[in-house]
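The values are calculated or read from the model by the stated rules, or taken from the named source; none is laboratory data. Since the structure is predicted, the reported quantities are computational estimates derived from the model, not experimental observations. Here Cβ is always computed from backbone atoms with ideal geometry, including for glycine, and neighbour counts include all displayed protein chains. We work out accessible area using only protein heavy atoms, side chains counted, and drop any ligands, DNA or RNA first. Shrake-Rupley method; radii C 1.70, N 1.55, O 1.52, S 1.80 Å.
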Amino acid sequence: MSFIYLDHAATTKPHESVAAKMLPFLGEEFYNPSAIYQPAVKVRAKISNARRTVADFLNADPMKIFFTSGGTESDNWALRMGVESMKEKGRHIISSSIEHPAVLNTLKALERSGYEVTYLPVDERGRISIEDLKNAVREDTILISVMHANNEIGTIEPVGQIGKIASEKGILFHVDAVQTMGHIKIDLKELDIDLMSASSHKIYGPKGCGILYVKDPARFGSLLYGGSQENGMRPGTENVPSIIGFGEAVAVASSRMEDDHAHDLKLRNLFIDRLKEEVPDVEFNGDQDNCLPGILSVSLRSVTAETLLIVLDSNGICASAGSACAAGAIEPSHVLMACGMDKDKASRTVRLSIGRENTEEDIIFTAKVIGDYIRSRS
Ligand code: PLP
């Protein structure tokens, strides 16, 4: 049975060339990149190439890009070592109420060890207010962590403006760009970002690999204790196949990001039109004018997300209620609640996330499945 995959914000299918580029490193080129003999040196050079590809894509210095096991590790590392590097100045952190659990749960742990966190509210579209941010800044604020775009509703946050404020005040600024890298332009020479997390499996690369960009590595410690890999910043024998695959995924993204964006946007607009026709009282969440085109959060009046996802699944359509981490959990999404939604509406909200391999037929069929189901119940 073939499936219609509408859960690209959870993970993406590795691009064909990604799998092909990884394969030799699962076989012939298995060497430990830290070793001194020639075949290992070749592997090490391939890691350097991947790092350069990622760095060029972000307009950053390769010496500031460190490979990790993914977005979760990068977020943990950024926050825990970020506050450590600023501990002389204070213990106050600013973040938003709609961050991913990789950030929120790290912040909770920091709160338990004596840090104070201000969680900025968001408006109904999921945007933080710059005024609120300015008011939250204190003498002892050491770190601001705000995501680039939200994984449930796709809203893009004003990271350019936040970075300016942070740099004026000498506050470290971390951005979780897991949903945006490879999807929208990020220029690290233009943006005042000190630390940035990204993940390979959201951009048609393999799972278990990500990066942390560190603007000032000399002032920043490693999260783990161990060997001298990644310039002593991230110990542990490198996940070579995934790093190579991530590099290839970034190379592919850099050659087609505008086309991907146009494709996703076209399908998003088609989805909105079709759903409006099929389900008259459908509502769309997030900021329609300032969002990732691939993420569409939809609330339906007469059916719960749980039921709808089962209906979709039985028609061969894969989607989620919210983030992958929250899928399966019945708790209403903290993101939707922070946007001012009540529990009832949150429980009737699904996330349909579009990607490269989707077609107009996929969208038309999915909208019809939803419409048919709603009609069958009225
Ligand atoms: N941050 C955001 C915004 C995410 O969407 C995710 C994954 O869903 C993560 C962090 C965690 O990334 P990873 O799955 O690579 O650990």
### Task
Return one whole number: the accessible area per residue of the range 121-201 in Å², for a 1.4 Å probe.
34 Å²
### Task
Of the options Gly236, Pro121, Thr106, report the single residue whose Cα projects farthest towards the positive end of the charge dipole of the chain (beta-carbon charges: Lys, Arg +1; Asp, Glu -1).
Gly236
### Query
In a GNM of the chain with a 10 Å cut-off on Cα contacts, which of Asn76, Asn358, Asn315 has the highest mean-square fluctuation?
Asn315
### Summary
Note to self, the chain gives a 222 nm [θ] from helices alone (DSSP H runs n ≥ 4, -39500 (n - 2.57) apiece, / all residues, nearest 500) of -12500 deg cm²/dmol
### Message
I'd like the Karplus ³J(HN,Hα) series for the range 309-315: coefficients 6.51, -1.76, 1.60, θ = phi - 60°, whole numbers in Hz, and an x wherever there's a Gly or Pro.
### Response
5, 5, 4, 4, 4, 6, 9
### Task
Counting only heavy atoms of the protein chains, get the accessible area per residue of the range 24-115 (1.4 Å probe) and round it to a whole Å² value.
47 Å²
### Query
Ignoring ligands, DNA and RNA, what accessible area per residue does the range 227-378 give at 1.4 Å, in Å²?
44 Å²
### Around Lys345: net Lys/Arg minus Asp/Glu count, Cβ-Cβ under 10 Å
0
### Message
As a test, work out the antiparallel percent of DSSP beta bridges whose residues both lie in the range 111-251, rounded to the nearest 5.
### Response
45 percent
#### Entry: Extension gain from Thr307 to Tyr225, taking 0.36 nm per residue of separation minus the Cα-Cα distance
24.9 nm
### Task
Note down the nm distance, to one decimal, between modelled labels 7 Å out along Cα→Cβ at Thr359 and at Met63.
5.0 nm
#### Entry: Computed magnitude of the charge dipole of the range 193-242 (debye, nearest 20; Cβ of K, R +1, Cβ of D, E -1)
140 debye
### Contour minus Cα-Cα distance for Ser34 and Lys368 (0.36 nm per residue)
114.8 nm
## Note on the structure
Beyond 24 Å, the calculated P(r) of the range 134-254 holds a percent of Cα-Cα pairs equal to 34 percent
## Note on the structure
The answer for Ser320, listing residues at least 5 apart or on another chain whose modeled amide H is closer than 5 Å to its amide H, is Arg351, Ser353
### Query
How many nm separate the modelled label positions at Glu277 and Cys318, each set 7 Å beyond the Cα in the direction of the Cβ?
2.8 nm
### Message
Can you say what percent of the DSSP beta bridges in the chain, counting only those with both residues inside, are antiparallel? Round to 5.
### Response
50 percent
### Message
Please compute the Kirkwood hydrodynamic radius over the chain, one decimal place, Å, based on all pairs of different Cα atoms.
### Response
21.5 Å
### Summary
1/(1 + (r/R0)^6) with r = Cβ-Cβ of Glu84 and Glu124, R0 = 41 Å, i.e. FRET efficiency to nearest 0.05, evaluates to 0.70
### trypsin sites (Lys or Arg not before Pro) lying in DSSP loop within the range 73-112, provided at most 14 other Cβ fall within 10 Å
Lys87
#### Entry: the chain, accessible surface, carbon-and-sulfur percent (1.4 angstrom probe)
52 percent
### Message
What does the charge count around Phe365 come to, taking other residues whose C-beta lies under 13 Å from its C-beta (Lys +1, Arg +1, Asp -1, Glu -1)?
### Response
-3
### Task
Tell me the label-point distance for the pair Ser378, Ala262, using the 7 Å Cα-to-Cβ offset, in nm and rounded to one decimal.
3.7 nm
### Message
So if I place +1 on the C-beta of Lys and Arg and -1 on the C-beta of Asp and Glu, and nothing else carries charge, what would the dipole magnitude of the range 233-378 be about its Cα centre? I want it in debye, nearest 20.
### Response
340 debye
#### Entry: Within a Gaussian network of the chain (alpha carbon springs, distance under 10 Å), most fluctuating of Ser228, Ser200, Ser96
Ser228
### Query
Full extension from Arg138 to Ile184: what is 0.36 nm times the residue separation minus their Cα-Cα distance, to one decimal in nm?
13.4 nm
